[in-house]
1. How many of the residues in the range A:286-300 are part of a loop (DSSP other than H, G, I, E, B) and among the aromatic types (Phe, Trp, Tyr)?
2. If I go through the range A:11-50 residue by residue, how many of them are within 22 Å of residue A:408 (Cα to Cα) and of a type in the set (D, E, K, R)?
3. Residue check, residue A:428 against (1) within 13 Å of RNA strand B (Cβ to nearest atom); (2) over 20 Å from residue A:365 (Cα atoms); (3) of a type outside the set (Gly, Ala, Ser); (4) surrounded by 16 or more Cβ atoms within 10 Å (Cβ to Cβ), all met but one. Which one?
4. Take the residues of the range A:102-119 that are of a type in the set (A, V, I, L, M) and surrounded by fewer than 24 Cβ atoms within 10 Å (Cβ to Cβ): which is farthest from residue A:229 (Cα to Cα)?
5. Quick one: what pairs do we get from the range A:248-271, first residue closer than 16 Å to residue A:22 by Cα and touching a residue at least 12 places away in the same chain (Cβ under 8 Å), second away from RNA strand B (no atom under 13 Å from the Cβ) and among the hydroxyl-bearing types (Ser, Thr, Tyr), C-beta under 7 Å, 6+ apart or different chains?
6. Hey, among the residues in the range A:182-198 that are within 28 Å of the chain's Cα centre (by Cα) and more than 7 Å from RNA strand B (Cβ to nearest atom), which one's nearest to residue A:402 (Cα to Cα)?
7. Output the residues belonging to the range A:147-172 that are within 16 Å of RNA strand B (Cβ to nearest atom) and modelled with pLDDT of 90 or more.
8. Can you say whether residue A:412 is buried (at least 22 other Cβ atoms within 10 Å of the Cβ), away from RNA strand B (no atom under 11 Å from the Cβ) and closer than 18 Å to residue A:354 by Cβ, as far as the supplied structure shows?
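The values are calculated or read from the model by the stated rules, or taken from the named source; none is laboratory data. All values derive from a computational prediction rather than experimental measurement. All Cβ positions, even for glycine, are placed from backbone atoms using ideal geometry, and neighbour counts span all protein chains on display.
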Amino acid sequence: MTFTLTTPLYYVNDKPHLGSAYTTLACDAVARYQRLKGEPVIFITGCDEHGQKIQRTAEAAGLSPQAHCDAVSAQYRDLWERWQISNDRLIRTTDPRHRRIVEQFFARVEASGDIVEGRQQGWYCVACEEFKDDPHEAQDPECPTHRRPLEWRDELNLFFRLSRYQEAIEALIAREGFIQPASRRREVENFVKQGLRDFSISRVNLPWGIPVPGHGGHTFYVWFDALLGYLTALLEPGEEPELEAAIARGWPASVHVIGKDILRFHAVYWPAMLLSAGLELPGKVFGHGFLTREGQKMGKSLGNVLDPAELLERCGRDAVRWYLLRDIPFGDDGDFQQQRFTDLVNNDLANTIGNLLNRTSAMARRWFEECVPPAGGGLEPTHPLAQAAATARSQALNGLEALEFRSAAEAALQLAIAANGYLNEQAPWSRMKQEGTRDQVAADLYAVLEAARHVGLLLAPLLPELSARMLAQLGQTPLDSGIGTLGGANPDGGTPDSRAWLEQLAWGGLVPGATLPEPSPVMARLELDAPL
RNA sequence: GGCUCGGUAGCUCAGCUGGUUAGAGCGUGGGAUUCAUAACCCCAAGGUCGGGAGUUCAAGUCUCCCCCGAGCCA
């Protein structure tokens with residue numbers, strides 16, 4: 001079965017921020033992991049491009065909404081390319097095909113009797129694009145989050161009859177593992193327990209949106225538009241926009257990865273909509289935490305926004321991926337600290353992992369004719385490093401399976417630490433000064449090189465580039481965890497290389513006598529001359 | 001106002017159903033070493049486990065109250 005995973009469709013009101021990059025990065029690691037396992041993957045990301053806020057932003061900039069969306073979504077596309085994100089799709093809700101899918105989906109929901117007209121009046125925040133039901137502020141109320149004046153609205157809208165799905169949703173969120181991390185489940189449970197209320201799915205007088213068929217003057221409101229992008233995205237490029245066809249490509253999604261702020265919409269509203277349309281439900285919804293910076297919320301007013309493009313430019317992909325995936329428990333809030341960032345990257349990647357490979361390769365080349373030394377006892381499955389590698393493998397796989405990147409990263413790192421420790425214990429450089437120790441030295445170096453190979457393999461989903469450099473340095477063929485062809489899916493999933501990943505994670509894969517390329521540091525230390 | 005999740009060494013965090021001297025990494029200090037990217041390896045210092053009360057033979061771990069932070073719903 002196809003492993004479909006999604007990032008949210010990012011709202012193109014403004015240029016991409018670090019939070020979006022964080023989500024996308026995490027999904028990228030999952031997608032690569034699944035491909036390496038040999039699963040067919042559809043990794044979906046995209047842009048949500050409708051709504052009043054976008055219309056107004058565009059107007060303020062003197063652009064047409066479409067021109068504005070084109071410009072901002074191009075920034076997203078560009079950013080993901082530069083981060084080497086392996087997304088198979090980048091769906092835009094302004095894609096003409098999306099409109100057709102929305103119409104078909106809506107027809108199904110309407111046929112289920114789940115669309116009703118209702119009147120909605122109250123104070124409305126354009127920035128939130130939401131009604132604020134705050135009764136005790138009658139005079140010139142402000143939006144509490146945006147501190148902007150609210151507008152009085154009194155409209156006839158279409159509503160989705162969410163209330164009919166009370167029991168189904170209760171059953172769904174009670175399902176073990178549907179909402180992750182589990183710590184956020186209670187919040188949703190309480191929300192549902194209060195009784196689900198119908199929610200409005202359309203707006204009037206909002207030209208920048210998809211018109212609701214048969215209801216002149218109405219356009220779809222965000223959730224009945226953006227969420228459906230996950231379905232549209234399943235279509236092959238150029239394929240006719242038929243809902244059935246899209247579904248057949250890879251629905252249901254295995255996991256929606258989102259920020260914790262939109263958990264409710266993905267865990268409650270979206271499943272109910274799917275049920276109404278007669279579609280299957282996603283396997284899980286993972287709401288990750290937010291990033292702060294040096295203990296403070298990132299925001300324009302504080303002027304402390306970390307631009308993902310600049311971060312990448314100055315620090316490189318491996319460094320940023322490592323820090324975000326290795327140090328921040330996925331699901332919890334995290335704090336970006338520059339000192340810690342450079343400390344971790346330099347310690348873990350340059351000193352521990354990079355230097356391990358460098359020192360070992362140098363010794364092997366010097367004393368064994370630039371080749372992988374004869375394995376001898378280094379091949380034994382009981383070898384301490386063979387056992388450490390087996391432990392690391394299972395911890396890394398478990399971690400990746402559960403989206404616990406921290407644990408997966410830690411596993412690889414621990415193996416490198418074990419290998420460094422082993423080298424120091426055995427001290428082959430001392431042995432080489434004695435007689436009759438050559439076989440022992442060969443076996444020790446073989447085992448350490450083999451451990452380094454495992455580190456490289458385990459790092460493949462997390463740090464594809466460092467992984468490739470490590471494997472190349474060991475004379476191995478690098479893995480391909482990315483997409484086969486740009487924008488297109490592999491008909492049968494993984495590549496020949498990737499199919500072998502799990503098999504390669506067996507002790508003894510390194511061939512004695514194979515030539516070792518001249519070593520050069522696989523990971524440079526990060527020296528930031530100025531604050532980020 | 002109701003609810004959820006946190007508050008454990010300078011920093012980031014582990015501590016499962018309560019049970020020996022509360023752990024890891026980073027940072028700091030010291031030692032050892034020279035194969036290596038001044039890297040690696042070893043050792044040490046440092047914590048009244050947010051505060052208070054209670055349950056218990058025994059609480060970081062359970063109960064109640066309070067304080068602080070993040071968030072959800074009103």
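1. 1
2. The number of residues fulfilling the criteria is 5.
3. Here residue A:428 clears every test but (2).
4. A:116
5. Listed by first residue and then by second, the contacts come to A:256/A:6; A:257/A:6; A:257/A:7; A:257/A:23; A:259/A:23.
6. The selected residue is A:182.
7. A:159, A:160, A:162, A:163, A:166, A:169, A:170, listed by residue number.
8. yes
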